[in-house]
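Participant: Below is the structure I would like to discuss, written out as structure tokens.
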Amino acid sequence: MKEVLVIANRTLGGVKLLEAVRERAAAGDVRFRLVVPQTKPSAGLVIYDEAVREAAQVRVDLALSAVAAEGIEASGEVGDPDPFMATMDAVAVQRPDEIILSTHPATASGWLRRDLIERIQNATALPVQHVVVDLEQEGLAFKVTLVIANKTSSGEELIAHLKEKAAHGKPHLFIAVIPQVDGSGNAPREARARLASMLDRLHAAGLLSSGMIGDPDPYTATLNALELFRVDDVVISTLPGERSGWLRANLLERVRGATSAPVEHVVVDTRAPTTAAPAV
């Protein structure tokens with residue numbers, strides 16, 4: 001069985017890249033290995049290295065889920081931030097038969113400005129198929145929703161809302177971000193537990209989803225995610241009214257002022273209904 005190495009980052013989910021993978025898969029006797037180099041944030045934007053790596057892992061998870069749904073055999077991993085080194089590392093370990101490299105158009109691609117295709121061809125002597133994905137013109141093959149939640153992350157109202165969104169239009173991907181609670185040594189562990197519980201529920205509902213924990217400040221966590229991912233809309237889930245610190249901090253208005261993407265608000269009341277004590 002031939003192995004095809006796919007190198008892509010922000011262009012994952014692009015229509016032309018998916019078409020290239022489907023076309024190669026249709027030829028039969030092939031499996032794919034996806035490598036996603038970590039994205040370097042924009043100059044001046046502070047995002048922790050762990051968040052950058054987790055964002056790349058989210059891309060890997062969602063891409064593998066999407067192609068698995070089409071019956072395409074694939075595996076994947078996060079690679080070195082330098083796309084050339086990420087490719088060379090994968091070639092040394094996997095020894096693929098060919099490479100598919102996906103980039104933005106030349107005017108917007110840092111990879112092409114570094115002559116990445118020619119360097120990989122010269123270093124590997126492998127056939128390299130270059131797929132140009134123009135997201136500004138084509139968009140993604142999937143609708144992508146960013147979901148920001150914490151204590152309400154597994155609430156029935158939120159899960160039902162996401163299921164309803166996925167029921168209409170083109171295929172849907174969900175990226176969950178759970179901000180850590182500041183001031184607690186157990187914050188990362190608690191956030192990961194909430195994330196795992198939420199993803200379990202989304203997967204059980206048949207929704208393609210992945211996620212990561214974020215900055216303790218929900219506004220910063222949201223802005224970081226908007227920098228790291230291309231999304232169609234944002235869903236922010238909170239507790240009701242004054243019980244929500246996020247609402248008291250005007251999170252919805254601040255996020256709406258920072259992005260052109262639609263921002264939806266889902267209220268989840270986590271309190272169990274009270275019942276009267278039985279008579280004795």
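Readers should treat all values here as calculations from the given coordinates under stated rules, not as data from a laboratory. Values in this document were obtained by computation on a predicted structure and should not be read as measured data. So basically every Cβ, Gly included, is an ideal-geometry build from the backbone, and we count neighbours across all protein chains shown.
Participant: Computed from the mean reciprocal separation of all distinct C-alpha pairs, what Kirkwood hydrodynamic radius does the range 2-138 have, in Å?
Facilitator: After inverting the mean inverse Cα-Cα distance, the result is 15.1 Å.
Participant: Where is the GNM fluctuation largest for the chain (alpha-carbon springs, 10 angstrom cutoff): Ser244, Ser102, Ser65?
Facilitator: Judging by the Gaussian network model, the answer is Ser244.
Participant: Taking the Cα centre of the range 146-247 as origin, sum charge times position over the Cβ atoms of Lys and Arg (+1) and Asp and Glu (-1), and report the length of that vector in debye to the nearest 20.
Facilitator: The dipole of the range 146-247 has a size of about 300 debye.
Participant: I would also like to ask the following. Between Arg189 and Glu253, how high is the FRET efficiency from 1/(1 + (r/R0)^6) when r is the Cβ-Cβ distance and R₀ = 45 Å? Nearest 0.05.
Facilitator: For Arg189 and Glu253, the calculated efficiency is 0.90.
Participant: Along the charge dipole of the range 126-280, pointing to its positive end and built from +1/-1 on Cβ of Lys, Arg, Asp and Glu, which listed residue (Thr270, Asn224, Val147) has its Cα farthest out?
Facilitator: Toward the positive end, the furthest listed residue is Thr270.
Participant: Would you order Thr222, Thr259 from fewest to most other beta-carbon atoms within 10 Å of each residue's own beta-carbon?
Facilitator: Thr259, Thr222
Participant: Order by neighbour count: Met85, Met212, fewest other Cβ atoms within 10 Å first, most last.
Facilitator: Lowest count first: Met85, Met212.
Participant: Hey, which aspartates and glutamates would be in cross-link range of Lys143, C-alpha to C-alpha under 19 Å, not counting anything within fewer than 8 residues on its own chain?
Facilitator: Correct list for Lys143: Glu19, Asp61, Glu70, Asp134, Glu164, Glu227, Asp232, Asp233, Glu264.
Participant: Return Thr152, Thr39, Thr107 ranked ascending by Cβ neighbour count within 10 Å, so the fewest neighbours appear first.
Facilitator: Thr107, Thr39, Thr152
Participant: Would you please give the residues with an amide H less than 5 Å from that of Ile213, counting only those at least 5 places away or on a separate chain, with H modeled from the backbone geometry?
Facilitator: Ile178
Participant: Where the convex hull is taken over the Cα atoms of the chain, what is its projected area averaged over directions, in nm²?
Facilitator: For the chain, the mean projected area of the Cα convex hull comes to 18.6 nm².
Participant: Report the full-extension gain for the segment Asp115 to Ala69: residue separation times 0.36 nm, less the Cα-Cα distance, to one decimal in nm.
Facilitator: 13.2 nm
Participant: Shifting gears a bit: What is the magnitude of the charge dipole of the chain about its Cα centre, with +1 placed on the Cβ of each Lys and Arg, -1 on the Cβ of each Asp and Glu, and no other charges, expressed in debye to the nearest 20?
Facilitator: 260 debye
Participant: Considering Cα pairs under 8 angstrom that are at least six residues apart, work out the relative contact order of the chain and quote it in whole percent.
Facilitator: Value for the chain: 19 percent.
Participant: If you don't mind, another one. Please state the relative contact order of the range 2-138 as a whole percent: Cα pairs under 8 Å, 6+ residues apart?
Facilitator: Averaging sequence separation for qualifying contacts and normalising by length gives 33 percent for the range 2-138.
Participant: Taking the Cα centre of the chain as the origin and placing charges on Cβ (Lys, Arg +1; Asp, Glu -1), which of Ala187, Pro240, Gly169 is farthest toward the positive end of the dipole?
Facilitator: The residue sitting farthest along the positive end of the dipole is Pro240.
Participant: With only Lys, Arg, Asp and Glu charged, each at its Cβ (+1 for the first two, -1 for the last two), find how big the charge dipole of the range 56-206 is about the Cα centre; round to the nearest 20 debye.
Facilitator: Computed about the Cα centre, the dipole is about 440 debye.
Participant: Want the number for Asp200 to Asp269: 0.36 nm per residue separation, take away the alpha-carbon distance, what's left?
Facilitator: Going from the current span to full extension adds 22.8 nm.
Participant: Same structure again: Quick one: 3J(HN,Hα) in Hz for the range 99-112, Karplus 6.51/-1.76/1.60 with θ = phi - 60°, rounded, Gly and Pro as x.
Facilitator: 10, 10, 10, 10, 9, 5, x, 3, 5, 10, 9, x, 5, 5
Participant: Select from Gly211, Val132, Ile7 the residue farthest towards the positive end of the dipole of the chain; place +1 on Cβ of Lys and Arg, -1 on Cβ of Asp and Glu, and compute about the Cα centre.
Facilitator: Value computed over the given set: Gly211.
Participant: Below 8 Å, C-alpha to C-alpha, sequence gap of six or more: please give me the relative contact order for the range 143-267 in percent.
Facilitator: Once divided by the residue count of the range 143-267, the mean separation gives 32 percent.
Participant: Could you work out how far apart the two model spin labels at Asp217 and Ala108 are, taking each label as a point 7 Å from the Cα in the direction of the beta carbon, and quote it in nm?
Facilitator: 2.9 nm
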